[in-house]
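The values are calculated or read from the model by the stated rules, or taken from the named source; none is laboratory data. None of the values given here were measured: they were computed from a predicted structure. Ideal geometry is used to build each Cβ from the backbone, glycine not excepted, and the neighbour counts take in all protein chains shown.
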């Protein structure tokens, strides 16, 4: 699909040195925008020759509803084989069906522009709103949907989020995991993260650092290893930590698949879990209690998250522009066999 060369909301945000949501609210004359922010946004819009897409704005009150919620899965960041994603989708489908909606799943080719599937769905009126997963700090999907004034909800906050609804975790999601490890006697605790351009990884890593500071524990630069989303990248990160001269006595992984990769790396090296190394995951997928040893993890209330995502986007569809409620869920610690005191 040919893409327009006209300036976008994202271009205005970059020129003004503001976020997309700040610019969107400024140009839409929201009362809570500071005068200096509004002027910066207006000045940048004038200089770039930016004008709102009036035709797109009319789409927010369509003549007929498709009774569909769109979800675009980019092959580079999401796989249907991901157990967390699979369960999340199941609960979203269940909730949407209860409201007379269906979930329309799109898996575009890997070489297609990330916005193309959104453009097609909006222009062809296939969906009434979108659920956006794995949000990034500078997310062009959010910029585009704000510019189109099209209803959506994100699973994951942005640092300056405003102007759209969100479902996310509480800020201190990893505090219980670090508390447990410290109570067991661990002082050298490492962290394996998902890609840190994604907002969920950013917030979980911040929670890890805060929890460590509360216990007056330092986090060395090489104690934080960035990985991907799946077992193989957790294995590679685990190898990197365990092959050091001073390996950690505990590892917190930001999802269960990464933690399972660490279990595999430990097994290959004869590292006993939890005798030599304690491992904590996040999400509590079904396989977490089936691996050996059973994985201590932060249980993510997936049903609650899936249902909230659907309810939030349906509310955005009903209310139109300006609905921006945040709904935060609270993970809980599930202690199993992969954690214990450090070796003497």
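Restricting attention to the range 197-222, the residues that are in contact (Cβ under 8 Å) with a residue 24 or more places away in the chain, surrounded by fewer than 18 Cβ atoms within 10 Å (Cβ to Cβ) and either part of a helix (DSSP H, G or I) or out of contact with any helix residue (DSSP H, G or I) (no Cβ under 6 Å at 6 or more places or on another chain) (or both) total 5. Among the residues of this structure, residue 312 counts as one that is in a helix (DSSP H, G or I) and surrounded by 24 or more Cβ atoms within 10 Å (Cβ to Cβ).
For the residues 258, 263, the requirement of being part of a helix (DSSP H, G or I), closer than 20 Å to residue 176 by Cα and in the same structural domain as residue 207 (by TED's automatic domain parsing) singles out 258. Every listed requirement among (1) in a loop (DSSP other than H, G, I, E, B); (2) surrounded by 14 or more Cβ atoms within 10 Å (Cβ to Cβ) is met by residue 333 save one, (1). Among the conditions (1) at pLDDT 90 or above; (2) surrounded by fewer than 22 Cβ atoms within 10 Å (Cβ to Cβ); (3) assigned to a loop (DSSP other than H, G, I, E, B), the only one that residue 159 does not satisfy is (1). Condition check for residue 95 on (1) surrounded by fewer than 18 Cβ atoms within 10 Å (Cβ to Cβ); (2) at pLDDT 90 or above; (3) closer than 20 Å to residue 154 by Cβ: one failure, at (1).
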